[in-house]
Each structure stands twice: as C-alpha cells, then as structure tokens.
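Encoded as structure tokens, the structure appears first; notes follow it.
None of the figures in this text is laboratory data; all of them are computed from the coordinates on show. The structure presented is a predicted model; accordingly, all values stated were derived computationally and were not measured. Every residue, glycine as well, gets a Cβ built from its backbone with ideal geometry; the counts of neighbours run over all protein chains shown.
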Amino acid sequence: MKKIIKGIDQGVLYMLLASLFFAIVGAFAKILSREMPSVEVVFFRNLISLLFVVSTIYKYPIKQSGGKPWLLFFRGLMGLLGVLAFFYNIAHISLADAMTFSRTSPIWTAIFAYMFLGERINKKGWVAIFIGFVGVVMIMKPNGLTFSKTDFIGLASGVLAALAYTSVRELRKYYDARIIVISFMFMGSLFPAIFMWISNFYQFPSLDFISAKFILPGGISWLYIVGLGGFAALAQIFMTKAYGTTKAGIVGASSYAVILFSIFVGVSLGDALPDFIGAFGILLVIIGGILVSKG
C-alpha cells in the first residue's frame, strides 16, 4: 500500500485528499439538511471555514497589490449563489448527482474564459464540452421539454461556480489567495444571515433555497457543523496545495474523484445507486471535464 501511495504524483494525492474531504463536507451538509434549511447549512459552513482561514493571517501576513474591489465582490456573490444552489440540491437529490452538477463548472469555465478572457478552445475542447452537456442531459432525464427545479438549480450551481472561478483567474494577479477566499466566506456568512432574518417577516416559497427561518441546532448537530466547516477548510487547503504542486490539467482531471467518493458516501447515507442512464451521464460529465481540464 505504501508503495502505491509513494508512486502517486504528490499533487494528485493532495487532490484526491481534497476530493475525499469535499465528499465528507457533502455528507455533513446532507445530514444537517434533515434538521435545518440549506441556507443555514451554508451559513455555518462559511462561518466556521472563515474562522479557520482568518487564523492563518496572523502567522502568514497578507501580501498583495489589490485594486479590484468590484471584481472581488462579483467573485464572492457568484460563489455564494453557487454554494446556495449546490447545498439546496444536496438536501433534495442524491449527493452524487448534486456533486456532478457542481462539477460541470470546468466546462462552463472554459466557455466563460473563451468569452470574457480571450482564451482559445481547440477542437478537442469543443468536443469535450459537447460530451459534458450530453452527460448533463442524461442526468436530468427531461420528460419531453420539462425539467425539475433541482435540474435548473443544479445547472445554476455549475454555471455560478464557473463564473466565480473565471473571476479568480483575474483576481490572482491582484490579491492574496486568502483574501479571495475570505471575501467569499464573509459574504457567504453575512448574506445567509440576512436572508434568514428577513424570513422572520416575509416568506418566499419559490426562493426556498435562500428564504428560510433560522433553526437553533441542538446536540450532535453542533459536532456536524464543526466537521462541516473544518473539512471544508481542509479541502480548500489541500486543493490549493495540489494546484501549487502539479500541472493544473492533471490536478483538474483527478478532482473528478469527488464524484466517485460522493457515490459511496451518498449510498452510506441512504441514497440509491445511479441507474444506468444516470451513471452513464455522470461518466460523460467526468470525461468531458477531464478533457477540458487537460486542454
């Protein structure tokens, strides 16, 4: 076993660990969603992670030039909405499907980078994007031209995450990576808190992924909340280490292990295994995402 681990590229190993931790975060989110609304789960996830990241500033001071506050705000807003959509789906569909929708983000990122940053997409890239889209349709299984609410929210989770990641490509030139993460987590704590406060006075049933009253956690739920934030912070750390150690394409390809981990974790929590069409759709999304990641 030790020989196998030593034979794995270090960056890939970091990404596999990050993927496992992301799947565990999904598990905690799914468990907590049985007792509290998804917007509250997002609030605690970001608040606990924020405390972890802020604590690193005292040991490693910030070094940056800054100068792009509106782009920083845009990244935080897109990231927040993407996480709200993702956690809503975790509460309402299988963990594997929710994770697969979210992992369409590299496909959307390639499109947005082409549109807004002038990055080129070769023929293989366009084929990969097409394969990924076919996979998404197979997961959604539309009845005629009818899609469910979780289908639309699932697509939104991937698109919004891609917009956030695309903005990060530009922000990295101006800001310390921790400031980018902190701005996102701060907004991800503040706005859900505001949404829950407003819900005490006004209810918006169609916007239930952001509109819900705060429910005070009790007992073991607090342990799950700490685990949620702690593993989220660890996942971010190992993902950052992975991209700093190995080529982005290789790391991006190995990140799709999170879907496989999510299948096993989801089944252990009571999710059904994907049927043939759904499993094939997941496979196509993985293939499309890997091809896009490797350029």
Inset, instruction - Give the Cα extents of region 1-84 along the principal axes, in whole Å, largest first. - result: 47, 43, 24
Inset, instruction - Subtract the Cα-Cα distance of Phe133 and Ser148 from 0.36 nm times their separation in residues, and report this length gain in nm to one decimal. - result: 3.7 nm
Inset, instruction - Would you please give the FRET efficiency between Leu283 and Arg169, computed as 1/(1 + (r/R0)^6) with r the Cβ-Cβ distance and R0 = 35 Å, to the nearest 0.05? - result: 0.80
Inset, instruction - May I ask which residue of Leu291, Ser19, Phe204 lies farthest towards the positive end of the charge dipole of the chain, with charges of +1 (Lys, Arg) and -1 (Asp, Glu) on Cβ and the Cα centre as origin? - result: Leu291
Inset, instruction - Determine the distance separating the Cα centre of region 192-268 from the Cα centre of region 46-101; give it in Å without decimals. - result: 9 Å
Legend entry - Listed residue pairs exceeding 30 Å between alpha carbons, taken from Lys30/Lys173; Lys30/Lys247; Lys68/Lys213; Lys173/Lys213; Lys63/Lys241; Lys149/Lys294: Lys30/Lys173; Lys30/Lys247; Lys68/Lys213; Lys173/Lys213; Lys149/Lys294
Inset, instruction - Helix by helix through the chain, keep the DSSP H runs that span 24 Å or more along the axis on Cα and average at least 1.6 on Kyte-Doolittle, and give those back in order. - result: 10-32, 38-55, 123-140, 177-198, 276-293
Inset, instruction - Taking the Cα atoms of region 176-230, report the difference between the largest and smallest coordinate on each principal axis, in whole Å and largest first. - result: 38, 29, 16
Inset, instruction - Give me the number: length gained by fully extending Lys213 to Asp9, i.e. 0.36 nm times residue separation minus the C-alpha to C-alpha distance, one decimal in nm. - result: 68.9 nm
Legend entry - Selection of trypsin sites (Lys or Arg not before Pro), region 63-158, meeting DSSP coil and at most 12 other Cβ within 10 Å: Lys63, Arg120
Inset, instruction - Find the all-direction average of the projected area of the Cα convex hull for the chain, expressing the result in square nanometres with one decimal place. - result: 17.0 nm²
Legend entry - q = 0.21, 0.23, 0.33 Å⁻¹, region 85-130: log10 I(q)/I(0) [Debye, one scatterer per Cα]: -0.71, -0.76, -1.10
Legend entry - Backbone N within region 151-182 under 13 Å of label point (7 Å from Phe74 Cα along the Cβ vector): 163-172
Inset, instruction - For a footprinting-style exposure proxy, rank Trp108, Trp70, Trp126 by other Cβ within 10 Å, fewest first. - result: Trp70, Trp126, Trp108
Inset, instruction - Counting only C-alpha contacts under 8 Å and six or more residues apart, can you give the relative contact order of region 90-226 as a whole percent? - result: 24 percent
Legend entry - Rounded FRET efficiency, nearest 0.05, which uses the C-beta distance separating Val226 from Ser206 and R0 of 41 Å: 0.80
Legend entry - Dipole magnitude of the chain, debye to nearest 20 (Cβ charges: Lys/Arg +1, Asp/Glu -1, about Cα centre): 1020 debye
Inset, instruction - Pop out the Kirkwood hydrodynamic radius of region 169-295 from its pairwise C-alpha distances, inverse of mean 1/r, in Å to one decimal. - result: 18.3 Å
Legend entry - Gained length - Thr240 relative to Lys141, 0.36 nm times residue gap less alpha-carbon distance: 32.2 nm
Legend entry - Relative contact order %, region 25-134, counting alpha carbon pairs below 8 Å whose residues are six or more apart: 32 percent
Inset, instruction - At 7 Å along the Cα-to-beta-carbon direction for both Ile194 and Leu273, put a label point, then send me their distance in nm to one decimal. - result: 4.6 nm
Inset, instruction - With 10 Å bins from zero, work out the P(r) of region 49-152 over every alpha carbon pair and list the percent per bin. - result: 11, 29, 32, 20, 6, 1
